[in-house]
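Heads up: the structure comes next, in structure tokens.
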Amino acid sequence: MIEELPQLLGLSWLQLALIPCVFVLGGTAKGALGFGLPFVTVSITPLFAPLDVALAVNAVVLPIANFLQFTQSGLIKPTLERYRMVVIGILVGAPIGAYLLSAMDIHIIELILGIFVMCFVFITLFNPSLKVPSKKENKLGLGVGLSAGVIGTMTTVNGPFFIMYLLGLHIDRREMLAALGLLFIVSGLCFTVFFSLFGILTVERALLGVVCALFAMIGMRIGDWVVQFIDRDFFRKLVLCGLFILGFNIFLRGLG
């Protein structure tokens, strides 16, 4: 069975060995910065393996990693109440994204992903001052959820929508971590369901995802340890520069 695993996944042994290593890097970014796991993994994995493999594995890794983040926050009930409109938006937008993923050419998806990654880098790097009016919080939350549901299901990358929205609410770090945990859990479960329905997430890829989740958690520990010795802002800029280069490369692949 083990000998047939690469064939079942449509990968070589080298590709199979490199994918968990990429999730260590993604986990390191998340552990150090609080975000970035899917950005790193869907940016690097397509350089040596099919994009749909990265999407499928992320669909398994993300709910596992963020379940721990959400349940350890101690803010489960208030978070569910405040961000219910964002959750509804995700649940509505995810089927649309799943349909587009199955209907669109892979090169178009790579173009969208490449542009999305580069835009995220610019927005995060310059960190514009954002403020969400309290009267419009629910309406904007629904729009954020819809956008994240559509784009996120197509790319497994939806963090920018959530991060910009939460920054605009000016909440403290504890509530932000709880909110991100909840929203990533919901979107991650949507990825899992729809990727399974469309044949992107197979049993073999799900098993690979469980293995990669363990490697991602190792990376998160490493990232948390590394930032104790280097400047967090410098590390953040270094990661963003690397992501921009990778995003531009994916964009070029989409053009090809």
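List the trypsin sites (Lys or Arg not before Pro) within the range 45-132 that DSSP assigns to loop and that have no more than 11 neighbouring Cβ atoms inside 10 Å. All intermediate terms of the calculation are to be shown ahead of the outcome.
Values: sites: Arg82, Arg84, Lys131; in loops: Lys131.
Listed in order of number, the matching sites are Lys131.
At Ile230 and Arg84, where each label point lies 7 Å from the Cα along Cα→Cβ, what is the point-to-point distance in nanometres?
Those two pseudo-labels are separated by 4.4 nm.
Show me, for the range 191-202, the HN-Hα J-couplings you get by feeding each phi into the Karplus relation (A = 6.51, B = -1.76, C = 1.60, θ = phi - 60°), rounded to Hz, glycine and proline as x.
Going residue by residue, I get 4, 4, 5, 6, 5, 5, 4, 8, x, 6, 9, 9 Hz, with x marking Gly and Pro.
Over the Cα atoms of the chain, what radius of gyration and what Dmax do you get, in Å?
Both quantities, over Cα of the chain: 17.3, 58 Å.
Mind giving me the nanometre distance, one decimal, between the label points for Leu207 and Phe48, set 7 Å out from Cα along Cα→Cβ?
2.2 nm
Taking the Cα atoms only, what angle lies between the long axis of helix 106-126 and the longest principal axis of the chain, rounded to 10 degrees?
40 degrees
Would you mind checking Lys30/Lys135; Lys30/Lys131; Lys135/Lys237; Lys77/Lys139; Lys77/Lys131 for any pair whose Cα atoms are more than 27 angstrom apart? Walk me through the numbers before you get to the answer.
Details: Lys30/Lys135 32 Å; Lys30/Lys131 24 Å; Lys135/Lys237 34 Å; Lys77/Lys139 21 Å; Lys77/Lys131 24 Å.
Pairs exceeding the cut-off: Lys30/Lys135; Lys135/Lys237.
Extension gain Trp13-Leu100, at 0.36 nm per residue separation less the Cα-Cα distance, in nm? Spell out each step's value before the answer.
On the way: separation 87, 0.36 × 87 = 31.32 nm, distance 3.12 nm.
Working it through step by step, the gained length comes to 28.2 nm.
For the range 95-147, divide the Cα radius of gyration by the Kirkwood radius and give the resulting Rg/Rh value with two decimals. Walk me through the numbers before you get to the answer.
Details: Rg = 14.8 Å, Rh = 13.6 Å.
Rounded to two decimals, Rg over Rh is 1.09.
Per residue, how large is the accessible surface of the chain? Use a 1.4 angstrom probe and give square angstrom. Don't jump to the answer; show the numbers that get you there.
Numbers: 12210 Å² over 256 residues.
Here the per-residue accessible area is 48 Å².
Between Leu113, Tyr165, Thr153, whose Cα lies farthest towards the positive end of the dipole of the range 95-222 when Lys and Arg beta carbons carry +1 and Asp and Glu beta carbons carry -1, centred on the Cα centre?
Tyr165
Tell me which of Leu75, Pro133, Ala59 sits at the most positive position along the dipole axis of the chain, charges placed on C-beta atoms (Lys, Arg +1; Asp, Glu -1).
Result: Pro133.
Using the basic label-point model (7 angstrom from Cα toward the beta carbon), what is the Val92 to Leu68 distance in nanometres?
3.5 nm
Round to the nearest 10 and give me the degree value, 0 to 90, for the angle of helix 51-71's Cα axis relative to the longest principal axis of the chain.
40 degrees
Report Ser187's accessible area, 1.4 Å probe, all protein chains in place, as a number in Å² to the nearest 10.
0 Å²
How big is the range 177-223 by the Kirkwood estimate over distinct Cα pairs, in Å?
Result for the range 177-223 stands at 12.0 Å.
When all C-alpha to C-alpha distances in the range 40-163 are sorted into bins of 10 Å, what percent of pairs does each bin hold, rounded to whole numbers?
Over the range 40-163, the share of Cα pairs per 10 Å bin runs 12, 38, 37, 12, 1 percent.
Scan around Gly36 for amide H atoms under 5 Å from its own, H built in the peptide plane at 1.01 Å from N, and keep only partners 5 or more places away or cross-chain.
For Gly36, no residues qualify.
Quick one: with all protein chains in place, what share of the accessible area of the chain is carbon or sulfur, to the nearest percent (1.4 Å probe)?
Values: 8600 of 12210 Å².
Result for the chain: 70 percent of the exposed heavy-atom area is carbon or sulfur.
What is the helix-to-structure angle for 84-103, meaning the angle in degrees between its Cα long axis and the longest Cα principal axis of the chain, kept from 0 to 90 and rounded to the nearest 10?
30 degrees
Restricting everything to alpha-carbon atoms, can you work out Rg to Rh for the range 125-256 with a Kirkwood hydrodynamic radius? Display every interim value, and only then the final one.
Numbers: Rg = 17.1 Å, Rh = 17.4 Å.
Answer for the range 125-256: 0.99.
On full extension of the chain, what length is gained from Ile218 through Asn138, given 0.36 nm per residue of separation minus the C-alpha to C-alpha distance?
Values: separation 80, 0.36 × 80 = 28.80 nm, distance 3.63 nm.
So the extension gain works out to 25.2 nm.
Taking each pair of distinct Cα atoms in the range 41-101 once, what is the resulting Kirkwood hydrodynamic radius in Å?
Working: mean 1/r = 0.0721 Å⁻¹.
Over the range 41-101, the inverse of the mean reciprocal pair distance is 13.9 Å.
The values are calculated or read from the model by the stated rules, or taken from the named source; none is laboratory data. No experiment lies behind these values; they were computed from the predicted model shown. No Cβ is skipped: glycine too gets one built from the backbone with ideal geometry, and neighbour counts run over all protein chains shown. The area values use the complete protein model at the heavy-atom level, side chains included, leaving out ligands, DNA and RNA. Shrake-Rupley method; radii C 1.70, N 1.55, O 1.52, S 1.80 Å.
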